[in-house]
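Asks: Can you read through this structure? Questions will come right after.
The values are calculated or read from the model by the stated rules, or taken from the named source; none is laboratory data. Everything numeric in this text was worked out from a predicted model, so none of it was measured. In this analysis, Cβ positions are derived from the backbone assuming ideal geometry, glycine residues included, and neighbour counts consider all displayed protein chains.
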């Protein structure tokens, strides 16, 4: 990448949203509305520049923005458009600073596009990276917060012009609680902006290169489909992941606890996995994969379900009996699997005290893929 | 009750006469370019075959692809203004933003955003602004457009804004034709709005087509009422269909699946409808097709219609059978309706799937001597390929591990003579005209889809309220009240929302009320 990065083109948006959906590991919300919004901005002449984490000086300030609310509301009452932008401006005002760039909290799903849209309005570049390298359901589950980013001032904005600034918030868990309640009062779609971070801090804590990675994955899927190659094999090659199961879904069980959709999908193996059975635990995203009772991949590593034929990522809400899927395990970035990070995003944090995180090895890809 | 069911497809117009639950006669006639003379011909043929007089017919039900084709071919569409209520929300994406440009241009590319709309819990996003709406109405009037589609945010929760806006438009533009999105679709703003706009722009065509159907029926001497079937396999009165032509989209596959359920007497099954070129596979639940859960495109436009979840493969009675270096290839190309001249058994030169089953001695059709030269190895390989294709699509359509039976219908059903995927096989009488039977037996439905806060009213009260609303909707659509059953209840808790917000969908279905 050149020091000035690259401009996002309209033709990048389909692959970008496809790659973002894949990195959403079953959750993160559908990027369709966000893709259309970005397309409209590009068509009306806005420039969206993606820059490398090495581009800006240490003391430059970076804003992190994302949508917060309920995905099902987002398909009916979608954005005025400037929610995240207004929240970001409110943080600048409260902190008395100016941002130099924006970054995504999560590259997985719809929030991959929110900073891109806010940056288009602000005329700011977007950093090539994010705070997860995937999707997770709560505000505190980013590398930025895990490694001690300031929690205030933060701000949340709705489409009506309401902006709420959180001047003092004692930790990231309180920020999640306040922001969630405010978002519901605002009608369950809102934009959240977090406190400014220095570029020096972001360079140390961001998962690097994930915007480009999502683009690369999306292009790979589309090209493999066009050339009628095996999509799954190509995705494994470009992500460095491994194929952990191939099977047909024989049961999906769901329940709602604590505001989150939890559940399990049961798969019966096909091809080289014939005779084996797998189980995937779900809470918005895919959390743990067991094959024949043995845990094989677990959070924070990525568990990605792809349609066996088309390579289309399958979100957890549309999982159902009879689908034939490939289950890929992608190694999460090292910043997400330190002891500190695992306290927030490891299996125990998602209610599996019996599991100790065992990372999947990136090298397995070459032998298993 | 004596009724006639008609299915107007792209190739064939099928018709049946039924006396109660008995099929008296079924015929296939060619669909004509003007559609109407094909209907007239089919009516004459089927009356003759059934031995019934036109005066005996109580009611006629028609399933048609005419409106779908008009959108796909961008013809006969009225200039339409799209008005959305919800500002400041949703300003980022104007109406028709994801439409193909030629279709948007074909209906005048005229859209407006105005204040109004509701939150998920019924609160107002912003008050309706009468002056703003009068201004929009005057602009629409000045542009010479008199068809409007109104869509308000969360109108499935509250349709008040849409109704108030409609009243304002009607006052300003006398004689204006209005479609409200709340009358058509469900949650999912862009998709519901798309459906409302497509419905509005079909308004003039629907007047003509319904009139032509009415004339065809009258010219056959039939005095009974007539209805059109909609995509969920239920009926709408002609006058209602004229207002909501968009609801006829995808009624073809629905009718054949409903017909299959009726002819076989089985209500939970996988249905395989084998035509000349493709096979449509779907699953039946309580006698109705399972609906698709993802957005379905019509003419390049995303919708969230109540469409059957049908999986199509390129396998039919006229599919080409070709030997390649990788083995036998079957379909997706086909001789289609030219099978009666091009297949080997009819003296043609093309090897088709029908030739294979005749050569294998599985079915008697055409001249068997003309396929006597085919090698047993070729026949066996082609049969194995056909079986594998059917097994694959049946497996895909299974929604539960329960061993459901497989019902095979359609003109291409001769390809099947043994169980698919180890499941029981049912090939009912009159299988070739199952789609017309599906139209003839269609019932009447009402549906509700909205979000309830269960913390306030409790789950039982919410479900009771939704059921009562669905029953009223069915009665309004023409169902006999005492025959109404609730056929589907789905409550989905919504993640991240407090107060146990739950999306409830209920469908009620009843027999047609014939006065």
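Asks: Just one of the numbered conditions (1) assigned to a strand (DSSP E or B); (2) within 14 Å of chain B (Cβ to nearest Cβ); (3) more than 16 Å from residue A:235 (Cβ to Cβ) is not true of residue A:321; which one?
Replies: (1)
Asks: If you don't mind, there's one more thing I want to ask. Please go through the stretch B:119-133 and give me each residue that is within 28 Å of residue A:183 (Cα to Cα) and either in a loop (DSSP other than H, G, I, E, B) or modelled with pLDDT of 95 or more (or both), ordered by number.
Replies: To start, the set of residues in the stretch B:119-133 that are within 28 Å of residue A:183 (Cα to Cα) comprises B:119-129.
Selection gives B:119, B:120, B:121, B:122, B:123, B:125, B:126, B:127, B:128, B:129.
Here's the yes/no breakdown for (1) surrounded by 22 or more Cβ atoms within 10 Å (Cβ to Cβ); (2) modelled with pLDDT of 95 or more; (3) touching a helix residue (DSSP H, G or I) at 6+ places or on another chain (Cβ under 8 Å):
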position	(1), (2), (3)
B:3	yes, no, yes
B:13	yes, no, yes
B:16	yes, yes, yes
B:20	no, no, no
B:30	no, no, yes
B:38	no, no, no
B:44	no, no, no
B:51	no, no, no
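Asks: Out of the stretch B:269-301, which residues are within 14 Å of chain A (Cβ to nearest Cβ) and in contact with a strand residue (DSSP E or B) (Cβ under 9 Å, 6 or more places away or on another chain)?
Replies: Scanning the stretch B:269-301 gives B:270, B:281, B:282, B:283, B:285, B:290, B:291, B:292, B:295, B:296, B:297.
Asks: Something else about it: I'd like the full set of residues that are crowded, with 21+ Cβ neighbours inside 10 Å and more than 12 Å from chain B (Cβ to nearest Cβ), limited to the stretch A:29-47.
Replies: A:31
Asks: Exactly one condition in (1) modelled with pLDDT under 95; (2) closer than 29 Å to residue A:166 by Cβ is not met by residue A:3; state its number.
Replies: Result: residue A:3 fails condition (2) only.
Asks: Among the candidates B:111, B:158, single out the residue that is free of Cβ contacts under 8 Å to residues at least 40 places away in the same chain, away from every other protein chain (no Cβ under 11 Å), closer than 22 Å to residue A:75 by Cβ and not in a helix (DSSP H, G or I).
Replies: Going through B:111, B:158 in turn, just one is free of Cβ contacts under 8 Å to residues at least 40 places away in the same chain, away from every other protein chain (no Cβ under 11 Å), closer than 22 Å to residue A:75 by Cβ and not in a helix (DSSP H, G or I): B:111.
Asks: Filter the stretch B:405-418 for residues that are at pLDDT 90 or above and in a loop (DSSP other than H, G, I, E, B); which is surrounded by the most Cβ atoms within 10 Å (Cβ to Cβ)?
Replies: Filtering first and then ranking leaves B:416.
Residues checked against (1) in contact (Cβ under 8 Å) with a residue 24 or more places away in the chain; (2) in contact with a strand residue (DSSP E or B) (Cβ under 9 Å, 6 or more places away or on another chain); (3) closer than 12 Å to residue B:63 by Cβ; (4) surrounded by 24 or more Cβ atoms within 10 Å (Cβ to Cβ):
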position: B:204; (1), (2), (3), (4): yes, yes, no, no
position: B:212; (1), (2), (3), (4): yes, no, no, no
position: B:231; (1), (2), (3), (4): yes, yes, yes, yes
position: B:254; (1), (2), (3), (4): yes, yes, yes, yes
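Asks: Give the residues of the stretch B:389-424 that are more than 14 Å from every other protein chain (Cβ to nearest Cβ) and free of Cβ contacts under 8 Å to residues at least 40 places away in the same chain, sorted by residue number.
Replies: The answer is B:418, B:419, B:422, B:424.
Asks: Report those helices (runs of 4 or more DSSP H) wholly inside the stretch A:165-270 carrying at least 3 residues which are within 14 Å of chain B (Cβ to nearest Cβ) and touching a residue at least 12 places away in the same chain (Cβ under 8 Å). Outline the logic, then answer.
Replies: Numbers: elements: A:172-185, A:199-205, A:210-226, A:231-239.
In the stretch A:165-270, A:172-185 are the helices (runs of 4 or more DSSP H) which contain 3 or more residues that are within 14 Å of chain B (Cβ to nearest Cβ) and touching a residue at least 12 places away in the same chain (Cβ under 8 Å).
Asks: Still on this structure: From the set of residues in the stretch B:330-374 that are in a strand (DSSP E or B) and at pLDDT 90 or above, which is surrounded by the most Cβ atoms within 10 Å (Cβ to Cβ)? Reasoning before the result, please.
Replies: Step one: of the stretch B:330-374, the residues in a strand (DSSP E or B) are B:330-334, B:343, B:350, B:352.
Adding the requirement that they be at pLDDT 90 or above leaves B:330, B:343, B:350, B:352.
Values: B:330: 26, B:343: 25, B:350: 19, B:352: 28.
Of everything passing the filter in the stretch B:330-374, B:352 is surrounded by the most Cβ atoms within 10 Å (Cβ to Cβ).
Asks: State whether the residues of the stretch B:142-151 include one that is crowded, with 23+ Cβ neighbours inside 10 Å and either part of a loop (DSSP other than H, G, I, E, B) or within 14 Å of another protein chain (Cβ to nearest Cβ) (or both).
Replies: Scanning the stretch B:142-151 turns up at least one residue that is crowded, with 23+ Cβ neighbours inside 10 Å and either part of a loop (DSSP other than H, G, I, E, B) or within 14 Å of another protein chain (Cβ to nearest Cβ) (or both).
For every residue, the table says whether it meets (1) within 14 Å of another protein chain (Cβ to nearest Cβ); (2) closer than 27 Å to residue B:485 by Cα; (3) not in a loop (DSSP other than H, G, I, E, B).
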position	(1), (2), (3)
B:186	yes, yes, no
B:206	no, no, yes
B:215	no, no, yes
B:231	no, yes, no
B:235	no, yes, yes
B:254	no, yes, yes
B:257	no, yes, yes
B:260	no, yes, yes
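The rows are residues; the columns are (1) buried (at least 22 other Cβ atoms within 10 Å of the Cβ); (2) over 15 Å from residue A:239 (Cβ atoms); (3) modelled with pLDDT under 90.
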| site | (1), (2), (3) |
| --- | --- |
| A:301 | yes, no, no |
| A:317 | no, yes, yes |
| A:340 | no, yes, no |
| A:348 | no, yes, no |
| A:357 | no, yes, no |
| A:363 | no, no, yes |
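Asks: Also, quick follow-up: Restricting to the stretch B:158-177, count the residues that are buried (at least 22 other Cβ atoms within 10 Å of the Cβ) and at pLDDT below 95.
Replies: Residues that pass the stated criteria total 0.
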